[in-house]
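A short worksheet on the structure shown next.
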Amino acid sequence: MLLLRLALASLLTAGTMGSFVAADSLAVFTDSEVNAANVFGSGTIQIGGAPASAAVTLANMAPGDLVIAPLVITNNGSLPLRYAMSTSTTNTDSKALAGQLELTIRVKTASACSVEDGAIIFATAALSTGAIRSNAQGAQAGDRTLAAAASETLCFKVQLPLATGNAFQDATTTATFTFDAEQTANNP
């Protein structure tokens, strides 16, 4: 009987100890914190020009005539950008007036474009070759940069040289200036 009592006492002791261990594992403090509404959005690159077309036009040019006109380039996006410009020309006849006309592009200062005092960014050369650096991706020497919502005015001067001969009478050409922009952030 003593053996039975000892066995029963051992069993009761083990059960009591087990209940303490079980109770101890249930008494854990917990907490959590939620960090919601993490929103991510991409920026924009959007270049604009004003006027939208026909910024530099002059009909019935005679040798020595020139036209100077402003073209405002604007970054309508939310990210800084850099841009380049290229020119394409279409002659409406076989006289190749685009190769005869001379183009000069300056950055406008506080003065009017007609004062011609801004920094030259395209030196006087054939209209058909007009460019502001390269539109290849990445930074190129001389690329123009604009902060978000910023603008700059370029002064375009197109001249029919005084030495232009009779072969260019009654000739017409159309020029298209294409501005290519890319982000500057993370784009060396």
The chain - Rg and Dmax from Cα coordinates, angstrom:
37.5, 138
Inter-probe distance in nm under a simple model that places probes 7 Å from Cα toward Cβ, at Glu116 and Ser94
3.5 nm
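So if R0 is 41 Å, what FRET efficiency would Val39 and Gln140 give, r being the distance between their Cβ atoms, rounded to the nearest 0.05?
On the way: r = 35 Å, r/R0 = 0.84.
The pair Val39/Gln140 has a calculated efficiency of 0.75.
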Using only the alpha-carbon atoms, how far is helix 2-26 inclined from the longest principal axis of the chain? Give it as 0 to 90 degrees, nearest 10.
20 degrees
Pop out the ³J(HN,Hα) list for the stretch 177-188 in order, Karplus 6.51 cos²θ - 1.76 cosθ + 1.60 with θ = phi - 60°, rounded to Hz; leave Gly and Pro as x.
9, 10, 9, 10, 10, 8, 5, 9, 5, 6, 9, x
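Laboratory data are not the source of any read-out in this text; all were calculated from the coordinates shown. Since this is a predicted model, take the numbers as computed values, not measurements. In this analysis, Cβ positions are derived from the backbone assuming ideal geometry, glycine residues included, and neighbour counts consider all displayed protein chains.
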